[in-house]
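Peer 1: After the structure tokens below, expect a handful of questions from me.
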Number of protein chains: 2
Amino acid sequence: MKAKPDNAAVKLVVVGSIGLDTVTTSATTRRNVLGGSVSYACAAASFFTRPGLVGVVGRDFPTRYRAALRSRRVDLRGLESAAGRTFRWSCAYEPNLKERETLSTALNVLADFAPELPTAYRHSPCLFLANIAPEVQLKVLSQMCALRFVAADTMDLWIRATRPALLKVIRQVDLFLINDAEARALTGEEHLVPAARHLLKLGPRYVIIKKGEHGSMLFSRQGVVLSPAYPVDLVRDPTGAGDAFAGALLGVLARAGSITSALVRRAMLYGAITASFTVEAFSLEKLLAIRRADIEARARQFRRMIRC
Amino acid sequence: MKAKPDNAAVKLVVVGSIGLDTVTTSATTRRNVLGGSVSYACAAASFFTRPGLVGVVGRDFPTRYRAALRSRRVDLRGLESAAGRTFRWSCAYEPNLKERETLSTALNVLADFAPELPTAYRHSPCLFLANIAPEVQLKVLSQMCALRFVAADTMDLWIRATRPALLKVIRQVDLFLINDAEARALTGEEHLVPAARHLLKLGPRYVIIKKGEHGSMLFSRQGVVLSPAYPVDLVRDPTGAGDAFAGALLGVLARAGSITSALVRRAMLYGAITASFTVEAFSLEKLLAIRRADIEARARQFRRMIRC
């Protein structure tokens, strides 16, 4: 099943949650499907670079999901298999597919996750700390020894529960990604422009505020970049769109030599496109079904939509 | 106070509501300030063409508001002064300045408004039916005799109360503008892409869905154009932003010879810029304070933000 030998170098390391999601929409319920921030982010990044996944699953993690990630050339040397059950999360979406309610969360093996990176990962120039406990993000960060670019994402839980550790993460990253509601919660600013300015002061060179179907905004000392979302005909499941956006973005950055504002702008476009495929199906189904050429075709279309 | 003699030809006629607004935000309450769809739309259009305003006010309408509109070179030959009180509307915004509650509406002279256009207006090539009762929009439309481009906007009230008349308007316009929530209400489609497709089938060549701070989307048989909103630092009062967006857009179209997709795209950019100034102050205050050069400066900045 391996597309490349496992001794290939990884240019991007991604740590985050991986587990089994049960997702209910007004159309249907899908049980125990592959989910988690690192799954979406790695699958999305894999169109642009070979990402190394850092995560933990239990003994019950289905072989077919491992194979699915390998089929996208995701390096799984950093995927630990621990005694116990895999992380599980269940949610129900409102009919508009915007609001969702978390029905249950069982951390299981994720509760004691203390990642030890494979040696081959430690020299990766690029690191993405996808959504997971800030303490885990810091543990991964401390093991890297040749970093040129670090990005981090988070979620509302960590803003409430482990704010000091989260702030420590934010201080050490080049790019911090956060969604609009979380940006408001973290900074106490009602409006996004002041919220982003506040976040820039916490350390990162770049801040991206993700607005779901409304696109994203990049803030840096060089100014603002506005990127709309690609308008898909039918959203089936928005889960993982933000992780896929960030994963593809980091994939584009990791592939490139040096990181400039123009490159970040280009990477945001690919992030938006990859996220737009993600929401067209449940779980990683669409990401596993498309090819790079599909992304490029949609990117051409997208550029025509936003040319000014 | 007149910047030009009143016999100048108008290239754009705009009909809509005009009245006195009382607006409450978490910061303050502003009483009896100039408002109404046609006020915002004409002030915004006036940066690009000389618009002719069609509306009605009562005998209590302050002279200074008439002078304010004239100072922006808005042609007021179509502004009727009727016996009775001016239309009044009052609202309170949530602290996030997104949701608002209408506290009171007094139609007053607007209740019996049956516009008779000045002869000089009837040959205008361009018409914008800003938000007002569809019956009034149709009455204005029927008096125009050299139209090359007609656009219309609406609001939730007319979707609920006078749907057949509204559909009749939509059938006869080249461009229909509507906000996202209203597009869902009118079409019954939860998602904006199918909603826009539904609206295109009702007759217009172009449909623009306005998403407030999230920008706008243009749909036509040629495809989709995505335009973000300009990210302002501080929103003081979002009232009239959609009217100003549409007014500026129509102003750009009216000034040009023939209307192409490329021109509509450019007009959307100016609509977004003009709307961004509008929300930075209450009522038309900012629109009355800026000059075309301010719009152009922000347009240059905006283009850098969205270049892909």
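Peer 1: Take the Cβ-Cβ distance between A:Leu234 and B:Asp156 as r, set R0 to 41 Å, and report the resulting FRET efficiency rounded to the nearest 0.05.
Peer 2: 0.95
Peer 1: Could you tell me which of rounded, prolate or oblate describes the stretch B:96-199, using a ≥ b ≥ c as the square roots of the eigenvalues of the alpha-carbon gyration tensor, with rounded for a/c under 1.5 and, failing that, prolate when a/b is larger than b/c and oblate otherwise?
Peer 2: In terms of gyration-tensor shape, oblate.
Peer 1: So which helices of chain A fit the span-like rule, where a helix is a whole DSSP H run, its Cα atoms reach 20 Å or more along the axis, and its mean Kyte-Doolittle is at least 0.0?
Peer 2: A:241-255, A:261-278
Peer 1: I've got another one for you. So for A:Ile306, B:Ile132, fewest C-beta neighbours within 10 Å to most, what's the order?
Peer 2: Result, fewest neighbours first: A:Ile306, B:Ile132.
Peer 1: Mind checking the full-extension length gain between B:Lys98 and B:Arg70? Use 0.36 nm per residue of separation minus the Cα-Cα distance, one decimal, nm.
Peer 2: 7.0 nm
Peer 1: Which order results if A:Thr86, A:Thr239 are arranged by neighbouring Cβ count within 10 Å, fewest first?
Peer 2: Listed from fewest to most nearby Cβ atoms, that is A:Thr86, A:Thr239.
Peer 1: Can you list the distances in nanometres, one decimal and ascending, from the A:Arg64 label point to the identical position in each other copy, with the point 7 Å along Cα to Cβ?
Peer 2: From this label point to the equivalent ones elsewhere in the assembly: 7.3 nm.
Peer 1: Any idea how far the Cα center of the stretch A:251-266 sits from the one of the stretch B:231-251, in Å?
Peer 2: So the separation of the two Cα centres works out to 34 Å.
Peer 1: Sticking with this structure for a sec: About the Cα centre, and with charges only on the beta carbon of Lys, Arg (+1) and Asp, Glu (-1), how big is the dipole of the protein assembly as shown? Nearest 20 debye, please.
Peer 2: The dipole magnitude comes to about 2120 debye.
Peer 1: Then there's this: Please arrange B:His214, B:His123 by how many other C-beta atoms lie within 10 Å of their C-beta, fewest to most.
Peer 2: Fewest to most other Cβ atoms nearby, the residues stand as B:His123, B:His214.
Peer 1: Can you tell me the relative contact order of chain A? Whole percent, Cα pairs under 8 Å, sequence separation 6 or more.
Peer 2: Relative contact order for chain A comes out at 18 percent.
Peer 1: Sticking with this one: What FRET efficiency would be calculated for the residue pair A:Gln301, A:Arg221, taking the C-beta separation as r and a Förster radius of 35 Å, to the nearest 0.05?
Peer 2: 0.65
Peer 1: Same structure, new question: For B:Leu79, list long-range residues whose amide hydrogen, built 1.01 Å from N in the peptide plane, is under 5 Å from its own amide hydrogen.
Peer 2: Amide H neighbours of B:Leu79: B:Gly55.
Peer 1: Multiplying the sequence separation of A:Arg163 and A:Leu138 by 0.36 nm and subtracting their Cα-Cα distance, what value in nm do you get?
Peer 2: 7.7 nm
Peer 1: Add +1 for every Lys or Arg and -1 for every Asp or Glu among the other residues with Cβ under 15 Å from the Cβ of A:Glu101, and state the total.
Peer 2: Net charge in that neighbourhood comes out at -3.
Peer 1: As an exercise, identify the GluC sites (Glu not before Pro) in the stretch A:79-119 lying in DSSP coil whose Cβ has no more than 14 other Cβ atoms within 10 Å.
Peer 2: A:Glu99, A:Glu116
Peer 1: Going down the table (B:Lys210/B:Lys286; A:Lys11/B:Lys211; A:Lys139/B:Lys211; A:Lys211/B:Lys168; A:Lys286/B:Lys211; A:Lys11/A:Lys210), which pairs top 30 Å between alpha carbons?
Peer 2: Beyond 30 Å: A:Lys11/B:Lys211; A:Lys139/B:Lys211; A:Lys211/B:Lys168.
Peer 1: Right, here's the next one. I'd like the FRET efficiency for B:Ala262 and B:Ala181, computed as 1/(1 + (r/R0)^6) with the beta carbon distance as r and R0 of 22 Å, rounded to 0.05.
Peer 2: For R0 = 22 Å, the calculated efficiency reads 0.15.
Peer 1: Related question: Which shape class applies to chain A: rounded if a/c is under 1.5, otherwise prolate when a/b exceeds b/c and oblate if not, where a ≥ b ≥ c are the square roots of the Cα gyration tensor eigenvalues?
Peer 2: Rounded, because the longest to shortest axis ratio a/c is under 1.5.
Peer 1: Right, another one. May I ask you to report, in nm to one decimal and beginning with the shortest, the distances from A:Glu94 to the same position in the other copies, taking label points 7 Å along Cα-to-Cβ?
Peer 2: Copy-to-copy label distances for A:Glu94: 0.9 nm.
No lab work stands behind these numbers, since they all come straight from the coordinates. Being a predicted model, the structure only gives us computed values, none of them experimental. Here the Cβ is made from the backbone with ideal geometry for all residues, glycine too, and neighbour counts use every protein chain on show.
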